Every structure is written in structure tokens, then in C-alpha cells.
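Note sheet for the following structure.
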Amino acid sequence: MSVDVWTSPAPEPAPKRRRGVPPLPLLTLINLFNYLDRQVVYGMTPAIQAAFHLTNRQVGYLAFANLVVFAATSLISGPVADRVGPRKVIFAGILVWSIATIGSALSSSFHMLLFFRALVGVGEGAYGPSANALLCADAPREKRGRAMGIYNVGMALGGTLGLCLGALLEPLIGWRNVFWLAGAPSMVLALTSAFIAAPERVELPTKLPAWKYLLKPTYILALAGGVTATFGASALIFWTRQLVIEVRHLSVLVGSVYMLFVGLVCGVGGVVVGGYAGDRLSRRAKGGHALAIGVSMLAAVPVGCVALFIEPKVAFMVFTAVAAFLLSVYNGPSAAVVDELGPPQFAATLQAVFLFGIHVLGNATAPSVVGELYDRSSSLPLALLSAVAAFGVSGILFCIVARRQRLSDTARAA
């Protein structure tokens, strides 16, 4: 079996660090506000809909515009970061999305709000690939997974807090003031990011252009695994409220508290455990980060199937929480997997294409596909089986990626 994973010709030197703010804690905090600023609007859609007299379809455009622009900007920003350095792109991205979040508060029309939500996507799309590449460069290879797991705690906390704070604060202070509260801290973080201690990556010579690494089968398999994982996660996130409250008949209060618990405890726990597990497996053999994802995804399939169809409410809640934990493991080591598939010069480019692919092909399509299946079957649990199936496919693909990486490392050692 031929393998094509990029491997360094020599042991990786320890990265040199410039003076400044340590990257991991700062970028984790920034990632929290990244997802908080993105998700806060979803907790306030009824108020925004009433303010601008919008249809349900128009409200959906707020998410669509943000997502599409985010994906396109991610694709462009990666090569830019590889040329000018991730610190400059990170600073520009945070500054743009913080200004756009505050601009959302000042919007006098729906089209103005739509423009600013798309502009939030520009900033976040610029930030994501560069942050992933910088953290992978900063962390020693044997600690890369745990660094990305800690970093993505910000994602789990920020996404959950954004939804909850939007819903809770909007009736008290109004949706415009909520945008002010969300955007102002990001402005301060943008200024702080200008002083981040970015490492000096060792430039290793390569004879191949970036697109050669993007077309290698192992990278394509990892991308397909990321797309299917993101499809499943997006479907569950979009339809969870209806499953918990409308289908399983938990009260709004109990259902909201339960979803908050799952997001904060199971989501955060999953990304941290995933990062540490990937590092531990990687110390034994190449491909440990991909293997951690693959095993957790496959383990989540039977748990997810039981959660969808089991009748007692307590059992449903337990199995759903366990499934959420297993599925969150993906967010810990996924960026480390991508970083291993190419040389340092193209780190941000590989991260950018990966983020573009998973958001356009996985994230954007999932809610409507499951919605169509729901309309046809009149059963949300049956429709969500497509999400569980996507996780199974993702698990298989990441196990294949891990095997190819391991074979490549064995061949190089021989």
C-alpha cells in the first residue's frame, strides 16, 4: 500500500519563541469570543425578526451569509498567512469581526445587519486557519493535540454562552446592547493579539508546491472525514432544541438547562480528552491524533442510535450526553491531524482549505438535508440517523488516515 503523508526528514527542532503574550491562553480566550460573537445572534432571532419584520427565510440568511463568507475568507487567508505570518492575519481578523459585531448593534435595516453579519464571517475566516497554524507551530509535536484541545475549549464555551446569553440578556437590555457587550471585549483582544509571542517556525525545504499536498489521498481522506463529522455535528446542533423539547417533551426550562450542561460539560470535556488522547496515542505510533478521532466517532454510533430511540427521558438524557462527549473528541486533535499532512511553509494553507471544505460541504448542507428527511419521514429521530451515519463514515475515514500515517512512518524508519 502506497502512502503519501508528508514526513519531516529530521527531528523537529524546538520552536523559537519571541517575547510577548503566550499564544495558547490568549488564543483560547479569543476563540471563546470568536464563537460567542458568531452564535449570540441565534439566541436573539425572535427579537431581530420582530424589529425588522422579517420572514423565517430572511432570518435564516443571517446564518447563511456569515457561514458562506467565513468559508470563502478561510480559503483566501491561509496562503496570505503563510506569506506574511499568522500574527498579522490574526490581528486583522479579530479587529474586523469586533468592529462588525458592534456594527450589528448600529444596524438601521435588515440589509445593513446582513452586511455586518457577513463581515463577522470575514474576520472569523481570517482568524481560524492562522490561529490553528500558530498553535501547532508553538506546541511541541508530542503536545500538539492537548494544545488544540485546550484551545477548542474556547469554542465549546463560546458557542454555548453565545446562545444562552443572547436569549437571556435580550429581554433585559435589548438585542442592540447585547451586540455591544459581545463586540467590545473582542476589540480589546484584537489589540492584545498584536503582542502575541509567535514562534519562529523552522523553514524546511520542499520541492513541491502547496497544491500537491492538498491533492494527496491522505489529506483528501482527512478532509472527507472532517466534512462528514461536521455534517453530523451541524445537524445535531441545529435540531437539538426541537428533539429535546418538542419530540422528547422536556420543559423549556429543563431542556435549556440540560442543553447548557451538555455544551459546557460534555463539549468541553470531549475536546480536552480528545487532545490528550491524541498526544498519548501519537507517542506510541504516528497517526495517533487521527486514531483518537476515528475510535471516538465509531464508539458514538451505537450510543447515538440508542439516544435517538430510547423512550425513558432520563436514559435519553444520559445517552445523549455520552454521545455528545464522544463526538466532541473530534475538535481536540483535528487541527493537529491537518498540520501533520504537510510541511510548515504551507501549514495555514492546509488549515484554510480544510476549514473551507468542512463548512461549505458539511456545515452548510446538514440542517436542510435533515429537514428534508424530517419532512419525508415525519420523524426527527429517523432523520437524525443520517447524522449518526455521517459520524460512522467519519470514524472509518480517520482510522484509514491513521493507518496511512503509521505505514508512512514505518516505511521511513525502514
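The values are calculated or read from the model by the stated rules, or taken from the named source; none is laboratory data. Just so it is clear, the structure is predicted and the values come from calculations on it, not from any experiment. Cβ placement follows ideal geometry from the backbone for every residue including glycine, while neighbour counts extend to all protein chains displayed. Areas reflect the complete protein model, heavy atoms only, side chains present, ligands, DNA and RNA absent. Shrake-Rupley method; radii C 1.70, N 1.55, O 1.52, S 1.80 Å.
Summary table
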{"read-out": "Packing rank of 123-132, 387-396, 360-369, where each peptide gets the mean count of other beta carbons within 10 Å, highest leading", "value": "123-132, 387-396, 360-369"}
{"read-out": "Highest-first arrangement of 234-247, 152-165, 79-92, where packing means the average Cβ count within 10 Å", "value": "152-165, 79-92, 234-247"}
{"read-out": "Sulfur and carbon atoms: percent of accessible area, the chain [1.4 Å]", "value": "70 percent"}
{"read-out": "Convex hull projection area averaged over all views, the stretch 25-121, Cα basis, nm²", "value": "6.3 nm²"}
{"read-out": "Amide H contacts of Val21 (H built 1.01 Å from N, under 5 Å, at least 5 apart or other chain)", "value": "Ile196, Ala197"}
{"read-out": "Efficiency of FRET from Cβ geometry, Lys212 and Ile76, R₀ 22 Å, rounded to 0.05", "value": "0.65"}
{"read-out": "Cα-centred dipole magnitude for the chain, charges only on beta-carbon of K, R (+1) and D, E (-1), debye, nearest 20", "value": "920 debye"}
{"read-out": "Solvent-accessible area per residue, Å², over the chain with all protein chains present [probe radius 1.4 Å]", "value": "43 Å²"}
{"read-out": "Cα shape, the stretch 338-414, gyration tensor, a/c 1.5 rule", "value": "oblate"}
{"read-out": "FRET efficiency for Val318 and Arg83, using Cβ-Cβ distance with R0 set to 45 Å, rounded to 0.05", "value": "0.35"}
{"read-out": "Trp180 accessible area, 1.4 Å probe, all protein chains in place, Å² to nearest 10", "value": "110 Å²"}
{"read-out": "Theoretical gain in end-to-end length, Ser108 to Val68 [0.36 nm per residue, Cα-Cα removed]", "value": "12.1 nm"}
{"read-out": "Candidate values (1) 193; (2) 127; (3) 145, label of the one derived for volume of the Cα convex hull per residue in Å³", "value": "(2)"}
{"read-out": "Efficiency of FRET between Leu24 and His53 - r from beta-carbon atoms, R0 56 angstrom, step 0.05", "value": "0.80"}
{"read-out": "The stretch 209-284, Rg to Rh (Cα coordinates; Rh as Kirkwood inverse mean 1/r)", "value": "1.16"}
{"read-out": "Helix runs (DSSP H) in the chain reaching 20 Å along axis by Cα, Kyte-Doolittle at least 1.6", "value": "153-173, 288-309, 313-328"}
{"read-out": "Extension gain (nm, one decimal) between Arg376 and His249, 0.36 nm per residue minus Cα-Cα", "value": "43.5 nm"}
{"read-out": "Chain lengthening between Gln242 and Val306 when straightened (0.36 nm per residue, less Cα-Cα)", "value": "21.3 nm"}
{"read-out": "Lysine pair number, Cα distance threshold 23 Å (strictly under), the chain, separation 8 or more or different chains", "value": "6"}
{"read-out": "By accessible area with a 1.4 Å probe, ligands and nucleic acids excluded, highest first: order of Tyr374, Tyr151", "value": "Tyr374, Tyr151"}
